[in-house]
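Visitor: Structure provided below as structure tokens; questions to follow.
Where a number appears in this text, it was derived from the coordinates with a stated rule and is not lab data. These numbers were taken from a predicted model, which means no experiment stands behind them. Virtual Cβ from ideal backbone geometry, glycine too; neighbours counted across all protein chains shown.
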């Protein structure tokens, strides 16, 4: 009987260690996703700081295009009001869509191409877009790691016990796969 108690105690300890290590691994991967999303948001904040300056620089020359400026302002407000990562991803897609329309409109105004402020802001925005792209790729990598871990047996049992929520990939918004062509070269 004494041997049976030790065997049962050993099994309980092994199961307890499995729960403990599995939970800690889930927390680590979950935090990696959240941390990477914070990096994406840092780049979005840089973008959001640049957009009003760009809009102000071109607004006087494009008064008839107020709809696009309104869409940009609305998209930024939606992003600020988003509560979850998934809501922020959706709001960020709205910003990208409105920004793409602004870039297409700017292409139709040759006089804007000669404004130094617009050229500088566009270069900064381009750099920021590259940073956003890199951070989103890293975010999707972390989400993939999380999804793989949470779908594997027996970790999926821990996921359901502890209530870890699924994470969404950052997908592109409908129609943005066709990037607008923007040429800010003066007279070429």
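Visitor: Roughly how many nanometres apart are two label points built 7 Å out from the Cα toward the Cβ at residue 38 and residue 151?
Guide: Roughly 2.8 nm, to one decimal.
Visitor: Using Cβ counts within 10 Å as a stand-in for footprinting exposure, how do 144, 152, 131, 88 rank, fewest first?
Guide: Numbers: 144 13, 152 10, 131 17, 88 20.
With the fewest neighbours first, 144, 152, 131, 88 line up as 152, 144, 131, 88.
Visitor: Give me the distance in nm between label points sitting 7 Å out from Cα along the Cα-to-Cβ direction at residue 169 and residue 141, one decimal.
Guide: 1.6
Visitor: If you rank 167, 151 by fewest surrounding Cβ atoms within 10 Å, what's the result?
Guide: Numbers: 167 22, 151 11.
Sorted ascending by nearby Cβ count, the order is 151, 167.
Visitor: FRET efficiency for residue 133 and residue 67, Cβ-Cβ distance as r, R0 = 35 Å, nearest 0.05?
Guide: Details: r = 27 Å, r/R0 = 0.77.
E between residue 133 and residue 67, to the nearest 0.05, is 0.85.
Visitor: Related question: Between residue 2 and residue 28, what FRET efficiency follows from the Cβ-Cβ distance if R0 is 41 Å, with the result rounded to 0.05? Walk me through the intermediate numbers first.
Guide: On the way: r = 39 Å, r/R0 = 0.95.
Efficiency, from the Cβ-Cβ distance: 0.60.
Visitor: Between residue 77 and residue 21, what FRET efficiency follows from the Cβ-Cβ distance if R0 is 45 Å, with the result rounded to 0.05?
Guide: On the way: r = 43 Å, r/R0 = 0.96.
FRET efficiency, residue 77 to residue 21: 0.55.
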